[in-house]
Amino acid sequence: MTTSLPVEHGAEPTGTEDNYLTCDRGIKSWIFTLDHKRIGVMYLIFTMGSFLLGGVFALLLRTELLTPQKTIMDADTYNQMFTLHGAVMVFLFIIPGIPAAMGNFVLPIMLGAKDMAFPRLNLASLYLYVLGAVFAVLAIAMGGVDTGWTFYTPYSTETNTAVIPMTIGAFILGFSSVFTGINFIVTVQKLRPKGMTWFKMPLMLWSLYATAIIQILATPVLGITLLLLIIERALGVGIFDPALGGDPVLYQHFFWFYSHPAVYIMILPAMGIISEIISPFSRKHIFGYTFIAFSSIAIALLSFLVWGHHMFTSTQSPLASTIFSALTFSVAIPSAVKVFNWLATMFRGRLVLKTPMLWVLGFIFLFGIGGLTGLFLGALATDIHVHDTYFVVAHFHYTMFGGPVMAMMGGLFYWWPKFFGRMYKENWGRLSALLVFTGFNLTFFPQFIMGIRGMPRRYFNYPEKFEIFHQLSTIGSYVLAFGFLVVFFTLVHSLFRGKKAPANPWGSATLEWRCPSPPPHENFIEPPLVTDPYDFSILEYDEASDCYHLKPSAKLAEDGEVA
Amino acid sequence: MSDHEPDHNPHVAHHYETEKQQFESGKLGMWVFLVTEILLFGGLFCWYAIYRANHPEVFIYASRYLDKVLGGINTIILICSSLTMAWAVRAAQMGNNKLVVRMILVTLLCACGFLGIKAVEYNHKLNAGLTPGRHYAPRHEEQAGADPAVVDPASAAGDANPPVAPPDDDKSLIAPAARGPEGLNLGEEKAQGEQVPDNVALFFSIYWVMTGLHGLHVLAGMGVMIWLLLRAKRGEFGPHNFLAVDCGALYWHVVDLVWIFLFPLLYLID
């Protein structure tokens, strides 16, 4: 093998010079590509575009809330804005964001595989995503939707806004998500190369696997729910219409059966990214590997048993509410297992406070607040008090934004050199993380206080006493937006002016750092040696090229193993 | 890993090491996909279960308007088609492409027969005004008067002279069950079995949506079979390359299975 391989690969077009970006050129080579890396990059561009769109909606909302009365838009426009903000952020950005964009890129490489199990299905998933996005844009063009992103019946079957295009869009996006999930499960199960056992897999893969389980088990239920909503609206079959014997609350059950697990579609891959970054940036083996791995699976399974906590005030029986409340608390256990293991990883480590690590620290802090305030909402008595207030808004932004978005940004800065082969300006990256962290807390912490004091969510007007909090929050959102502008410029600048990235700039031991940056078409020039993904003793720092290499002894071991 | 022969095997894609790996991946992928299908229908069955528990009298009453004989024939047709499809898989494994073509043709015929009978049934329902939700406007009420339970539904639907004027779709002929939330709690209704229960339209909503979605899956399955048919005609299948037939057959069996649950749940209540 050692003699024949280099020769064979030298003959192929994917030598050391060509990478996945340059091996094939032209727009067609992108549209019809089956390469998981290119599909991942396209997903990245689209999800970031959606993030921008959803962010603009958010800024408009916050600007409207600067004064207690009308500021820049009327009440109906406001209703549409928060609906579009929610729908775009949830369905177009955060659900596909980490799994489809980053997962697509890194999953096969981390595993040591050449591609996803079903490259065509992968491309189909991207096409469906674009098609779903087209429907969402169509809905916006047709006058928007004002139901809130949850499309609760009976209002969603009665309003005159473009509910059908928006729900068709979400329906299609669901299938895109299912296809990604199928690919992840099969790839992880079947495409592991020799030596890559389940417990040698990086934790990111455990997270993505758990995510995929949720994607395939929950998303079809959302599909059928939205389909029923569309049929109800178009044909009036009466499934959610009490006048015809239907039950509008059934919609809520169906919807949350998907949409609660969906929040774990968002957070689980984020947790995977944290596990990947925290270990190399603490220069220490991850603490409690098995616990972190199984806590991902536990979260995936528990996520299906807690949907009722969205419905404590929706005619659910007190017994059901009590059970759902107890189950909700139980999710805190695997989540806390992860957080404590991350903290233990950092404990007595040598923290390297580069950009990815700053995002990770931000994540742990914000997710901690988000998770703990979740307990207030999971407890029946306090939930009745703060239900549908800004407390809920603040809570889920701390978990959904403080969680996945912070992690996604961390992952973006972590893998950016691998994605595009360029290093960004370290200090700009640090500045952006700091700005986003500050802006985020300024935006959402006042909302906790408002919520406790009774400010309901989704209201256009508010009493004067909340004005100061709303203004703080709005100013925070501007800081937040500025932070993301810095992120954008840092990354785009690096593409044109950045230093060429070495194969392993951070000193990580997972496999994606063994292939060149950016990776060649088939990911690895020669099959990589599978080692413990968090054992950094096999690496040595090379000062001349400012990068890490496998120690010669590790290479020797590889030859020995093969022989 | 050192042997690169698999790369030259035309049946194995570049990112797989071996034929076995590719086959197992394909099979696993198909099974996972079928899980999502089951969950898709699962939402509907859940809907069925909840509303049947809430309104048992509606289901008992309205299921009499479905034609057990036609439904039964369709069940037999689908079960037979599953057999021929499984036979096609075996033929593909043996490399007998001619037999694959024949078996898929028979399966296709069965699928057409199923949809044909379904179309007859749908037509009866449309003519009888047994349409879902707010479109529900049963015509037998006008014809047969006060005791619809006595009327044999099939003959009622068939014999009823189709009215010349098209029904006014906007106005249900049955007074809407304006019972508000109490309509959900019909415990006392059971006692009055002879009367037409409220919310009969619910049953037909469920009937149309569930069989309709199932019908769409049959259509999709027919599309898959035509694709397989063309490939078999080119003689593509053999002992090393029958994954497509295998997966197509798995899909078809699930479509069959869904019907096997739908038939008793909708047709055989009373």
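The values are calculated or read from the model by the stated rules, or taken from the named source; none is laboratory data. All values derive from a computational prediction rather than experimental measurement. Every residue, glycine among them, receives a Cβ derived from its backbone with ideal geometry; neighbour counts consider all protein chains shown.
Filter the range A:507-521 down to the residues that are out of contact with any strand residue (DSSP E or B) (no Cβ under 7 Å at 6 or more places or on another chain) and assigned to a loop (DSSP other than H, G, I, E, B) and list them by number.
Hits for the range A:507-521 are A:Ser508, A:Thr510, A:Arg514, A:Cys515, A:Pro516, A:Ser517, A:Pro518, A:Pro519, A:Pro520, A:His521.
Name, by its number, the condition in (1) of a type in the set (Phe, Trp, Tyr); (2) away from chain B (no Cβ under 14 Å); (3) surrounded by 19 or more Cβ atoms within 10 Å (Cβ to Cβ) that does not hold for A:Phe118.
Exception for A:Phe118: condition (2).
Here's a check for you: in the range A:359-418, which residue that is more than 30 Å from A:Leu495 (Cα to Cα) and of a type in the set (Ser, Thr, Tyr) is modelled with the lowest pLDDT?
Top of the filtered list is A:Thr382.
Residue-by-condition table, conditions (1) surrounded by 15 or more Cβ atoms within 10 Å (Cβ to Cβ); (2) more than 8 Å from chain A (Cβ to nearest Cβ); (3) closer than 26 Å to A:Thr219 by Cα; (4) modelled with pLDDT of 95 or more:
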{"position": "B:Pro10", "(1), (2), (3), (4)": "no, yes, no, no"}
{"position": "B:Gly43", "(1), (2), (3), (4)": "yes, no, yes, no"}
{"position": "B:Tyr51", "(1), (2), (3), (4)": "yes, no, yes, no"}
{"position": "B:Phe59", "(1), (2), (3), (4)": "yes, yes, no, no"}
{"position": "B:Met85", "(1), (2), (3), (4)": "yes, yes, no, yes"}
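How about the range A:467-508: which of its residues are at pLDDT below 95 and surrounded by 15 or more Cβ atoms within 10 Å (Cβ to Cβ)?
Correct list: A:Gly498, A:Ala501, A:Pro502, A:Ala503, A:Asn504, A:Pro505, A:Trp506, A:Gly507, A:Ser508.
Residues are listed down the side, and each one gets a yes or a no for (1) assigned to a helix (DSSP H, G or I); (2) not aliphatic (A, V, I, L, M):
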position: A:Gly223; (1), (2): yes, yes
position: A:Gly246; (1), (2): no, yes
position: A:Phe257; (1), (2): yes, yes
position: A:His260; (1), (2): yes, yes
position: A:Tyr264; (1), (2): yes, yes
position: A:Phe287; (1), (2): no, yes
position: A:Ala293; (1), (2): yes, no
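Looking at A:Arg497, A:Arg422, A:Arg457, can you tell me which residue is over 22 Å from A:Leu353 (Cβ atoms) and touching a Phe, Trp or Tyr at 6+ places or on another chain (Cβ under 8 Å)? Before the answer, list the steps.
Numbers: A:Arg497 fails: touching a Phe, Trp or Tyr at 6+ places or on another chain (Cβ under 8 Å); A:Arg422 fails: over 22 Å from A:Leu353 (Cβ atoms).
Answer to the check: A:Arg457.
With A:Gly148, A:Gly174, A:Gly144, A:Gly112 as the choices, which residue is in contact (Cβ under 8 Å) with a residue 40 or more places away in the chain, closer than 26 Å to A:Arg457 by Cβ and either hydrophobic (A, V, I, L, M, F, W, C) or within 14 Å of chain B (Cβ to nearest Cβ) (or both)?
Exactly one of A:Gly148, A:Gly174, A:Gly144, A:Gly112 is in contact (Cβ under 8 Å) with a residue 40 or more places away in the chain, closer than 26 Å to A:Arg457 by Cβ and either hydrophobic (A, V, I, L, M, F, W, C) or within 14 Å of chain B (Cβ to nearest Cβ) (or both), namely A:Gly174.
Among the helices (runs of 4 or more DSSP H) contained in the range B:93-206, which hold 3 or more residues that are at pLDDT 85 or above? If you could, list the steps in order and put the result at the bottom.
Details: elements: B:97-127, B:140-144, B:153-159.
Hits in the range B:93-206: B:97-127.
Which of the residues spanning the range A:239-253 are out of contact with any Asp or Glu (no Cβ under 6 Å at 6 or more places or on another chain) and either more than 9 Å from chain B (Cβ to nearest Cβ) or buried (at least 24 other Cβ atoms within 10 Å of the Cβ) (or both)?
Correct list: A:Leu244, A:Gly245, A:Gly246, A:Pro248, A:Val249, A:Tyr251, A:Gln252.
Return yes when A:Ala433 is over 23 Å from A:Ala75 (Cα atoms), in contact (Cβ under 8 Å) with a residue 24 or more places away in the chain and surrounded by 17 or more Cβ atoms within 10 Å (Cβ to Cβ) and no when it is not.
Yes; evaluated as a whole, the condition is true for this residue.
Among the listed residues A:Ala75, A:Ala113, A:Ala124, which satisfies the condition of being surrounded by 24 or more Cβ atoms within 10 Å (Cβ to Cβ) and hydrophobic (A, V, I, L, M, F, W, C)?
Just one listed residue meets the conditions, A:Ala113.
Can you tell me which residues in the range A:229-238 are crowded, with 24+ Cβ neighbours inside 10 Å and either in a helix (DSSP H, G or I) or modelled with pLDDT of 95 or more (or both)?
A:Leu229, A:Glu232
Quick one: how many residues across the range A:257-284 are of a type outside the set (Ser, Thr, Tyr) and within 13 Å of another protein chain (Cβ to nearest Cβ)?
2
Here are some conditions: (1) farther than 18 Å from A:Tyr78 by Cβ; (2) surrounded by fewer than 16 Cβ atoms within 10 Å (Cβ to Cβ); (3) more than 27 Å from the chain's Cα centre (by Cα). A:Ile452 meets all but one. Which one does it not meet?
(2)
Is at least one residue of the range A:90-98 farther than 15 Å from A:Arg38 by Cα and surrounded by fewer than 24 Cβ atoms within 10 Å (Cβ to Cβ)?
Yes, the range A:90-98 has at least one match.
Restricting to the range A:177-223, give me the number of residues that are within 29 Å of A:Val134 (Cβ to Cβ) and more than 14 Å from every other protein chain (Cβ to nearest Cβ).
Looking only at that region, the number is 1.
Being touching a Cys at 6+ places or on another chain (Cβ under 7 Å) and at the interface with another protein chain (Cβ under 9 Å from one of its Cβ atoms): is that true of B:Gly26 here?
Here the answer is yes, as B:Gly26 does meet what is asked.
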